[in-house]
Amino acid sequence: MMGWDFGAMLMKVGTSDYASIVSINIFVALLCACIVIGHLLEENRWMNESITALIIGICSGVVILLTSKWRSSHILVFSEDLFFIYLLPPIIFNAGFQVKKKQFFRNFMTIMLFGAVGTLISFFIISIGAIGFFKKMDIGLDVNDYLAIGAIFSATDSVCTLQVLNQDETPLLYSLVFGEGVVNDATSVVLFNAIQNFDLGHIDAVIVLEFIGNFFKLFVTSTLLGAVGGLLSAYIIKKLYFGRHSTDREVALMMLMAYLTYMIAELLNLSGILTVFFCGIVMSHYTWHNVTESSRITTKHAFATLSFIAETFLFLYVGMDALDIEKWKFVSDSPGTSIGVSSVLLAMVLVGRAAFVFPLSFLSNLAKKSPNEKIPFKQQITIWWAGLMRGAVSIALAYNQFTRSGHTQIRANAIMITSTITVVLFSTLVFGTMTKPLVSLLCARHSGIPSEPTTPKSFLYPLLDNGQGSEVETGAICIPRPSSLRMLLRTPTHTVHHYWRKFDDAFMRPVFGGRGFVPFIPGSPTERSVHGDEN
């Protein structure tokens, strides 16, 4: 699971347990420093929390290198299990739990176009580029490694861009960047898992078809498992109503049920990342409305806090690991090869991203009738830029493919790990620092333009709202509705949402609860009695 690596001053400590405590204290102190310094630099034009954590990690690595006499640069040894079992679930679950469902499903087709189809296009371009260039460099990789590289570097990290976008000023752009980022991560991991399950040394038509079938099987089954886990938690909490006795039980059950779905998916060799994401969406739609008001506030901030700590932890570690002497020793005899590999990967990331953002944006705009729903060219550039950064998922997948417990003794694997770290550092520090000025420049004129109609011009608008009003209450019944087939051809996403909403209100919410289908209770009986005594 997790190993420990100490500098000279830590090795003087008598027991390993005490040394572990010292290491944990140092790392927690550095996490606190990241939070404080990130807060102080929040208004800085060039900095954000991810870059702050990376820089603090690099500086800490330099200090540890000096104190350990160039033996090591970090106090923790990375394990892919640490990331996939403990750090990744809260990050992805919170993404699904906090997603703005109205905007997400309003732009669902475009998000899936970018997040799923776009990721596949990027995957093929990066894989083909890796085969073409790395074979000439004679690094020593096989077909599975080349395809794994395509999946690894197709995983984007749009945190930097989301930190400077305002979802109230540019709701369309924000929902596209956020939704695509999450679906992209899920697709990349599903692709990576599908590659691991196949021996692609001898590719033929049958293996390709099996690979594609396995990919879609993973995608569908993982999604269904997440939805079932979310619905089960909603049903249990609605029927048993834990809030009558303890809101703590409600919060604990939501957390544990979400984590359980993730671990079951991993146990069944499915995509835990996709499972926990859709579990988060379903829980926010049903379960969250079944708990007391105090539990709602607690869960919202608890999930966001866990996600924030996990992301900061990872970027801090990557900064430290960038100076890991052990890995760099393997590439020290051929620095040109390492630089060449990193340059090729960066170039493939740029090309692979552009190869689908602009063509798919063009196709998406053709299907949109309203100018407010179309993606302007400047916002297309922002979407392209948002996906250039590489981060948590890329690092974890690279360690999973090319190391064992954070270490490697193979030259080719060491080259790929150091190149991955170089790409993550360069893309985050260079592209990330330019994100705020770029977004300010490109989105300034669009900040005042709403990405959705300001008045309900059709019966579809109230259905997409998060309010509790029905079609009759909003007067929607007075607006003539075109035939279902005609409406489906013109606005497929809105039509699907319309029929889903009718099905949801008629069958799902009466059973599983949700907004408007559970009584409003401010808090537990204990909380109400305490407030009553105070008054």
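The values are calculated or read from the model by the stated rules, or taken from the named source; none is laboratory data. If you're wondering where the values come from, they're calculated on a predicted model, not measured in any experiment. All Cβ positions, glycine included, derive from the backbone under ideal geometry; neighbour counts span all protein chains shown. These area figures cover heavy atoms from the full protein model, side chains too; ligands, DNA and RNA do not enter into them. Shrake-Rupley method; radii C 1.70, N 1.55, O 1.52, S 1.80 Å.
Could you give each residue of the stretch 89-95 its phi-based ³J(HN,Hα) in whole Hz, using Karplus coefficients 6.51, -1.76, 1.60 with θ = phi - 60°, and x for Gly or Pro?
Per-residue couplings from phi come out as x, x, 5, 6, 4, 5, 4 Hz.
Go through K69/K329; K102/K436; K378/K436; K368/K502; K369/K436; K102/K502 and tell me which ones have a Cα-Cα distance over 20 Å in this structure.
Violating the 20 Å Cα-Cα cut-off are K102/K436; K368/K502; K369/K436.
Grab the alpha carbons of the stretch 204-329, take their convex hull, and tell me the volume per residue in Å³. Present the calculation step by step, with values, prior to reporting the outcome.
On the way: hull volume 17.6 nm³, N = 126.
For the stretch 204-329, the hull spanned by Cα atoms encloses 139 Å³ per residue.
How large is the accessible surface per residue of the stretch 191-285, computed with a 1.4 Å probe and reported in Å² as a whole number? Write down the numbers at each step before the final one.
Values: 4540 Å² over 95 residues.
Heavy-atom accessible area per residue stands at 48 Å².
Ignoring ligands, DNA and RNA, what percent of the accessible area of the stretch 134-277 is carbon or sulfur (1.4 Å)? If you can, show how the numbers build up before the last one.
Numbers: 3740 of 6040 Å².
Looking at the stretch 134-277 in its full context, I get 62 percent from C and S.
Could you calculate the FRET efficiency of V36 with I207 from 1/(1 + (r/R0)^6), where r is the beta carbon distance between them and R0 is 60 Å, rounded to 0.05? Please list the in-between numbers first.
Values: r = 52 Å, r/R0 = 0.87.
With R0 = 60 Å, the Cβ-Cβ based efficiency is 0.70.
Using only the Cα atoms of the stretch 54-147, build the gyration tensor, take square roots of its eigenvalues as a ≥ b ≥ c, and label the shape rounded, prolate or oblate: rounded if a/c is under 1.5, else prolate if a/b is larger than b/c, else oblate.
Numbers: a/c = 2.81, a/b = 1.26, b/c = 2.22.
Verdict is oblate for the stretch 54-147.
Gain in length, L240 to F198, computed as 0.36 nm per residue apart minus the alpha-carbon separation, to one decimal in nm? Intermediate values should be presented prior to the final figure.
Numbers: separation 42, 0.36 × 42 = 15.12 nm, distance 4.46 nm.
Extra length from L240 to F198 when fully extended: 10.7 nm.
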